[in-house]
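The values are calculated or read from the model by the stated rules, or taken from the named source; none is laboratory data. Treat the numbers as computed from the prediction; the structure is a model and nothing was measured. Note that each Cβ is placed from the backbone with ideal geometry, even for glycine, and that neighbours are counted across all protein chains shown. For the accessible areas, the whole protein counts, side chains as well, though only heavy atoms, and no ligand, DNA or RNA atoms are used. Shrake-Rupley method; radii C 1.70, N 1.55, O 1.52, S 1.80 Å.
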Amino acid sequence: MRLELDIVTIRDIQFADKTVVSDGVLYINRNQLQELLLEDRRFNQVEIELTPPGEKCRIVKVLDVVEPRAKMSDGDKDFPGVVGGQGPVGRGSTCVLRGTAVVISDYRVGPEFSRSGDPNGEIIDMFGPAAEISIYGKTHNIVLLPTPANGVGTQDYVAALKIAGLKTSAYLGKAGKGITPDETEVFQLPALAEIPEGLKKLPKVVYIFQILTLQFEPIPGEPVLYGKNVPDIVPTLIHPNEILDGAVTSAFPGLNVQTYQIQNHPVIKELYKRHEKEICFAGVILTIAPNNVADIERVSNMAAGLAKYILGADGAVLTKTGGGAPELTMARTAQRCEQLGIKTAIAMLHMGADISDTKYGGTTIFSMPEVDAIVSMGGPFMEMALPAVDRIVGRPNLTSEGPPIDGEMVRAIRWIKGAQCQLGSSRLRAVRY
C-alpha cells in the first residue's frame, strides 16, 4: 500500500470571498464554511476566528486540533464514515496544508468539557513561552467556536464538535487541489507475504497503539476509528498508512494526544524511517485500555498473540492514551509480549504521578521485571509563567478566583495544548537532575 502526502506550505491565512490557496496564502470563505458546519442541527451558530503566530492572543477551552487534509482523487473518502461514506484510506494522494491547524474550542456557557480542573480548560498561546513549547503556537490556526442548539446535551455537542473539525479539515484541504506541492512524503509498506527475501533477515517490529481509554465514559457518536467510537473493540490489525490518512482520531478528552499528532504520528514515521535499514516494520495493532482486570488480561493476551503468531514480531513498541490508569494495560501487554519472546519498548508521560510527589514524580504505577525498556517523556506537572495577552479567542468562564484569563498566569504544561504528547512529538526534553 502506497500513500503520498503532498505537502503545501502555508505562510498566511486570511478571510476572503473564495476558499483557495495562492502563493502560500490560504484564503477562506468564512460564510461558506459556516454554512457547511451549520448543516449539523446540533449547532445554532458557528463563529470562526483566525490566530496567526506571534499575535498576543490566547485560545481557551481547546478540545482537539486537526491538520487540514483532503484526498485528491474523485471517489476517495476524507475521514471515512464522517465527512463522506465508508471507504478505504491509506493509499493514493492526500493534500496536506502544512503550517495550518483547525482548533476546536468548547464554546458553551459554563465549565468546559475536558478534565483540566480549570474552568477555562486547555489553552494555546500564540506568543511567549507557551507558544515556544507548543506545536500549535507556530501554526496558522482556524478556530471553530460552535454554539449548541437548544436542548443539545454535552455528549451530542462534543461529538458534533469533533465532526465539525474533520469537516473543516477536508473543506480546507481541498483548496490545495491542483497546487504543486512543496514536497511529497511517501509511505509504502507491502503485505508481509510480499516482503523481499533480503528484508526477512531484519528484525520484525510492530507498533501497539492504544487509541481509547475506558477510564472516561465513551461518547456515543464520536468518530474514533473509521467514523465510529469503539469501546468494545478487540486488538485489531491495521496498516500504518490508514492511521496517517485519517482512519483514527483522538478520542475526547484526549489527554496529551490530538488528532493532529495522530495524523503526523511520530512513532509510525520513525518506524518507517528505519524500515529496510535496521528493522522490518511489520504493521500496527490497535487496542484500548479497559477499566477492569479481566478485560485488561483479554486485550493484553490478544494483542501479544497477534504480534507473535500473526505478524511474527521480534520486537514491539507500545504507547498509551488517557491518564495514568492505561499504563497498566500497556505494561501488561508488553509483559505478555516479553513472555512470548518479543522484545518491547514502551514510551510514556508519567500521568500517574502526583504533582505533590516531588521526590518520586517520575515513577510508574506498575512494576514488572520483564518491562525494562521505558522511554520517559517526563511529567506534565512543571509550571510555567505566561504573560498577559491582548485578545481571548473562545468563551472564557469568568470567575472571581485567580488571575483574569487575559492576564499573567501560571499554568502546568499539561494544560498547554501541544506542549507534550503521549506519542512523542514535543519540543521538550525530559531531564532528571
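Only residues that are within 21 Å of residue 167 (Cα to Cα) and either open to solvent by 40 Å² or more (accessible area, probe 1.4 Å) or acidic (Asp, Glu) (or both): list them for the stretch 219-236, please.
Selection gives 220, 221, 222, 226, 228.
Among the residues of the stretch 176-185, are any under 25 Å from residue 284 (Cα atoms) and in contact with a helix residue (DSSP H, G or I) (Cβ under 8 Å, 6 or more places away or on another chain)?
No - not one qualifying residue is present in the stretch 176-185.
Counting only residues that are open to solvent by 40 Å² or more (accessible area, probe 1.4 Å) and either assigned to a strand (DSSP E or B) or among the polar types (S, T, N, Q) (or both), how many does the stretch 364-408 have?
Going through the stretch 364-408 one residue at a time, the tally reaches 11.
For the stretch 312-322, enumerate the residues that are open to solvent by less than 10 Å² (accessible area, probe 1.4 Å) and assigned to a loop (DSSP other than H, G, I, E, B).
Those that are open to solvent by less than 10 Å² (accessible area, probe 1.4 Å) and assigned to a loop (DSSP other than H, G, I, E, B): 313, 320, 322.
Looking for whichever is closer than 23 Å to residue 12 by Cβ and out of contact with any Asp or Glu (no Cβ under 7 Å at 6 or more places or on another chain) here; the options are 81, 75, 128. Which one fits? Can you show your working first?
Numbers: 81 fails: closer than 23 Å to residue 12 by Cβ; 75 fails: closer than 23 Å to residue 12 by Cβ.
Among 81, 75, 128, only 128 is closer than 23 Å to residue 12 by Cβ and out of contact with any Asp or Glu (no Cβ under 7 Å at 6 or more places or on another chain).
What residue, among those in the stretch 72-110 that are part of a strand (DSSP E or B) and open to solvent by 10 Å² or more (accessible area, probe 1.4 Å), is nearest to residue 185 (Cα to Cα)? Let's see the steps before the verdict.
Initial filter on the stretch 72-110 (part of a strand (DSSP E or B)): 92-98, 100-105.
Pick out the ones that are also open to solvent by 10 Å² or more (accessible area, probe 1.4 Å) and you get 92-93, 98.
Working: 92: 12, 93: 10, 98: 12 Å.
Applying the filter and picking the extreme gives 93.
Exactly one condition in (1) within 16 Å of the chain's Cα centre (by Cα); (2) outside any loop (DSSP other than H, G, I, E, B); (3) under 24 Å from residue 7 (Cβ atoms) is false for residue 63; which is it?
(3)
Being closer than 14 Å to residue 239 by Cβ and surrounded by fewer than 19 Cβ atoms within 10 Å (Cβ to Cβ) is the filter here, so list the residues in the stretch 260-284 that pass it.
Residues satisfying the conditions do not exist here.
Have a look at 151, 165, 198, 137 and point out the one that is open to solvent by less than 10 Å² (accessible area, probe 1.4 Å) and more than 29 Å from residue 291 (Cβ to Cβ).
Numbers: 151 fails: open to solvent by less than 10 Å² (accessible area, probe 1.4 Å); 165 fails: more than 29 Å from residue 291 (Cβ to Cβ); 198 fails: open to solvent by less than 10 Å² (accessible area, probe 1.4 Å).
On inspection, the qualifying residue turns out to be 137.
Starting from the stretch 118-138, take each residue that is over 16 Å from residue 403 (Cβ atoms) and list its partners that are open to solvent by 10 Å² or more (accessible area, probe 1.4 Å) and among the basic types (Lys, Arg), counting only C-beta distances under 6 angstrom and pairs at least six apart or across chains.
These pairs meet every condition: 127/56; 133/427.
Any residue in the stretch 177-189 that is surrounded by 11 or more Cβ atoms within 10 Å (Cβ to Cβ) sitting within a Cβ distance under 8 Å of a residue that is in a loop (DSSP other than H, G, I, E, B) and of a type in the set (A, V, I, L, M, F, W, C)? List the pairs, counting only those 6 or more apart or interchain.
177/72; 188/1; 189/1
Looking only at the stretch 131-179, which residues are outside any helix (DSSP H, G or I), over 13 Å from residue 99 (Cα atoms) and of a type outside the set (S, T, N, Q)?
143, 144, 145, 146, 148, 149, 151, 152, 153, 177, 178, 179
Go through the stretch 285-311 residue by residue and tally those that are touching a strand residue (DSSP E or B) at 6+ places or on another chain (Cβ under 9 Å), in a helix (DSSP H, G or I) and open to solvent by 40 Å² or more (accessible area, probe 1.4 Å).
Looking only at that region, the number is 3.
From the set of residues in the stretch 1-53 that are among the β-branched types (Val, Ile, Thr) and under 30 Å from residue 190 (Cα atoms), which is surrounded by the fewest Cβ atoms within 10 Å (Cβ to Cβ)? If you could, list the steps in order and put the result at the bottom.
Taking the stretch 1-53 and keeping what is among the β-branched types (Val, Ile, Thr), we get 7-10, 13, 19-21, 25, 28, 46, 48, 51.
In the following step, the residues that additionally are under 30 Å from residue 190 (Cα atoms) were identified as 7-9.
Values: 7: 18, 8: 23, 9: 14.
Result: 9.
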